[in-house]
1. Against the conditions (1) modelled with pLDDT of 95 or more; (2) touching a Gly at 6+ places or on another chain (Cβ under 8 Å); (3) under 25 Å from residue 128 (Cβ atoms); (4) among the charged types (D, E, K, R), where does residue 296 fall short? Just the number, please.
2. Which numbered condition trips up residue 130, out of (1) over 22 Å from residue 361 (Cα atoms); (2) part of a helix (DSSP H, G or I)?
3. When the residues of segment 161-177 are filtered to those that are exposed (fewer than 15 other Cβ atoms within 10 Å of the Cβ) and part of a loop (DSSP other than H, G, I, E, B), which remaining residue is nearest to the chain's Cα centre (by Cα)?
4. Would you mind stating whether residue 215 is surrounded by 20 or more Cβ atoms within 10 Å (Cβ to Cβ), in contact with a strand residue (DSSP E or B) (Cβ under 7 Å, 6 or more places away or on another chain) and within 23 Å of residue 410 (Cβ to Cβ)?
5. So which residues in segment 87-118 are surrounded by fewer than 21 Cβ atoms within 10 Å (Cβ to Cβ), under 16 Å from the mean Cα position of the chain (by Cα) and of a type in the set (Asp, Glu)?
6. Please specify each residue of segment 118-154 satisfying the condition of being among the hydroxyl-bearing types (Ser, Thr, Tyr) and under 22 Å from residue 324 (Cβ atoms).
7. Can you report the number of residues in segment 105-117 which are part of a strand (DSSP E or B) and closer than 21 Å to residue 325 by Cα?
Amino acid sequence: MLTSWVVGADGSGFPAEHLPYGVFAEPGGVPRVGARIGDHVVDLARLAQDRVLDGPFAQPSLNGFMAEGPARWRLVRETLTELVCNTDFRDAVGPALLPLDAVALQLPFTVADYVDFYSSIHHATNVGRLFRPDAEPLLPNWRHLPVGYHGRAGTVVVSGSPVVRPSGQLGPGPDGAVGFGPSARLDIELEVGFVVGVPSMPARPVTVATAPAHVFGVVLVNDWSARDVQAWEYQPLGPFLGKSFATSVSAWVTPLAALSACRVPGPRQEPPPLPHLAPVPEEPWGLALDLAVDLRPSGVEADGGGDPATVSATSFADMYWQFPQQIAHLTSNGAHLRNGDLLASGTVSGPTRGSEGSLLELTRGGAEPLVVGGATRSFLEDGDEVTLRGSASIAPDVTLTLGEVRGRIVPA
């Protein structure tokens, strides 16, 4: 366990073992790169200006730093850890230490491409049973490859951004007419995202073994979904407008290295994947992350005595397809990774009631509404606020808190 001289860091979810990266701005200032420790932001651009730390930090995104690769990530992380733990550096680092509540957090990286997978066997099974109650819930391809779709990078927003209720075509009503209007079945999807730092070469597939070297870090992701729009449009080509209106991500990117102590083997895959997707037994990349969804219904404000209710608690540890396999599959046809790619896991759901990562599953398609703070919800209403949380225990008495993802629904 590390000890930091920064007040409030030890014992928090953002100790010296964590040091996630983000982008922030002071009032009237320009956005630049920082790292979080406790309830403070270390202004990395200031440290670079003062020649305490070297790196491309006077920039409005992490992309320049992410492109430098694992050796530089490791060096900067080791140096930053020393700076916040060794009291000899207190005078040098102190002027670059800012209270978190004095800055505005920005989208941490410029998103190149956004790919969303469908890698939880529990989620895929739950949805299959809802949509195909008289058939096998998993389609024949599901156990052979990480199913995914290409999303819209331009509508990825940072935590705290409002989410406007989308409109779209709605399937035939009782009279058989197709309509257009605001979605009435607006949903969330609890996901984990992997942020690519190092690109790959076109037409050069990335292997399962080498995939982790391309990944800079991890964020939580809320893949907001208009289920009624999605249900009408998705056949035969899959999600489009039902997903592309907004995707929220954490303001803080947890370095992949910070999570090395919570790596676990994934579930047994049957049938065994084809050779190019086969996991590396000595390098498991299941991550033991505890995840939760909090919901505050409209009319229940934080300062009005109403706390958000946890409507789902689940784990990322038993995701069927792991991110190195997703990357190997994505690049197996010759497509290449880009600096700033966001690869989302797909909805994370567990095997028991209350561990599902979407309202679609939690309410059984709306047939079993939730009661939250005295309000009844099948899907989201205007004014509702959703917060996704995550944590990882990496050592006795050391738990890392992932950057939260929060969003409030505003009217169409």
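The values are calculated or read from the model by the stated rules, or taken from the named source; none is laboratory data. Note that the structure is a prediction, hence the values are computed from the model and not measured. Note that each Cβ is placed from the backbone with ideal geometry, even for glycine, and that neighbours are counted across all protein chains shown.
1. (3) is the only condition that residue 296 fails.
2. With respect to (1) over 22 Å from residue 361 (Cα atoms); (2) part of a helix (DSSP H, G or I), residue 130 is out only on (1).
3. Out of the qualifying residues, it is 162.
4. Considered against the rule, which asks whether it is surrounded by 20 or more Cβ atoms within 10 Å (Cβ to Cβ), in contact with a strand residue (DSSP E or B) (Cβ under 7 Å, 6 or more places away or on another chain) and within 23 Å of residue 410 (Cβ to Cβ), residue 215 comes out as no.
5. 113
6. 118, 119, 120, 149
7. The number of residues fulfilling the criteria is 4.
Each row is one residue, and each column tells you yes or no for (1) touching a Phe, Trp or Tyr at 6+ places or on another chain (Cβ under 8 Å); (2) under 18 Å from residue 103 (Cα atoms); (3) in contact (Cβ under 8 Å) with a residue 40 or more places away in the chain; (4) not assigned by TED's automatic domain parsing to the domain that holds residue 391.
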{"site": "5", "(1), (2), (3), (4)": "no, no, yes, yes"}
{"site": "11", "(1), (2), (3), (4)": "no, no, yes, yes"}
{"site": "16", "(1), (2), (3), (4)": "no, no, yes, yes"}
{"site": "28", "(1), (2), (3), (4)": "no, yes, no, yes"}
{"site": "37", "(1), (2), (3), (4)": "yes, yes, yes, yes"}
{"site": "40", "(1), (2), (3), (4)": "no, yes, yes, yes"}
